[in-house]
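First up is the structure itself, then whatever we jot down about it.
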């Protein structure tokens, strides 16, 4: 019932991405001369961008993701270079290939970024609906670890499955690590690689926010 309501309200958040729109997709990969070891100094000077085939997921081999279950590939992209690269969570000194992705057709996506606030004081149906969509948008970019259990993806895979069944071509949601948005397309053929460029990861950084300070209480001396 809940996901039925989500499917119904998603119609008002439909956004058309027009054919020819450009996005970015990054992979921690490159092509090197087989005689050069990746630990050699200045090895990146002899590196070339990864081939176009490497920049798209394999049609019949897909890892578990925020939007897709295992075995069902999804094309994850971003609206700018930095967001695409930070989404890969590369290590310092990593060499990444960033591909320019061009849409081959118009795609209708669910734009989860429309609702940017959560308000408890207003309990009107419209406000509650916006609160629900705010939570959906916050759930998609939650950081994950490689050791995460597969069930951790269920809160985002279920609504993604509802959107797919409702006829949408993908989902747009905010990035938790970059300044842009992410776009996940259900059809791998909806975008093609039109160009590739190498990037050298100079520095890896992360921002922290203190949530609470817990003081240590000293016991009274006897």
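Side notes on the structure shown:
- Comparison of 183, 216, 177 shows that the only residue that is modelled with pLDDT under 95 and under 30 Å from residue 14 (Cα atoms) is 177.
- Residues (farther than 16 Å from residue 29 by Cβ, in a helix (DSSP H, G or I) and either modelled with pLDDT of 90 or more or within 16 Å of the chain's Cα centre (by Cα) (or both)) located in the stretch 41-80: none
- Residue match in the stretch 141-156 (condition: at pLDDT below 85, touching a strand residue (DSSP E or B) at 6+ places or on another chain (Cβ under 8 Å) and closer than 27 Å to residue 21 by Cβ): yes
- When residue 115 is tested against (1) assigned to a loop (DSSP other than H, G, I, E, B); (2) crowded, with 18+ Cβ neighbours inside 10 Å; (3) at pLDDT 80 or above, exactly one condition is not met: (3).
- Within the stretch 1-36, considering residues that are more than 29 Å from residue 162 (Cα to Cα) and in contact with a helix residue (DSSP H, G or I) (Cβ under 7 Å, 6 or more places away or on another chain), the one modelled with the lowest pLDDT: 36
- Residue in the stretch 91-99 that is surrounded by fewer than 19 Cβ atoms within 10 Å (Cβ to Cβ) and over 13 Å from residue 198 (Cα atoms) present: yes
- The condition of being buried (at least 17 other Cβ atoms within 10 Å of the Cβ), touching a strand residue (DSSP E or B) at 6+ places or on another chain (Cβ under 7 Å) and touching a residue at least 24 places away in the same chain (Cβ under 8 Å) does not hold for residue 86.
The values are calculated or read from the model by the stated rules, or taken from the named source; none is laboratory data. Just so it is clear, the model here is predicted, and its values are computed rather than measured. No Cβ is skipped: glycine too gets one built from the backbone with ideal geometry, and neighbour counts run over all protein chains shown.
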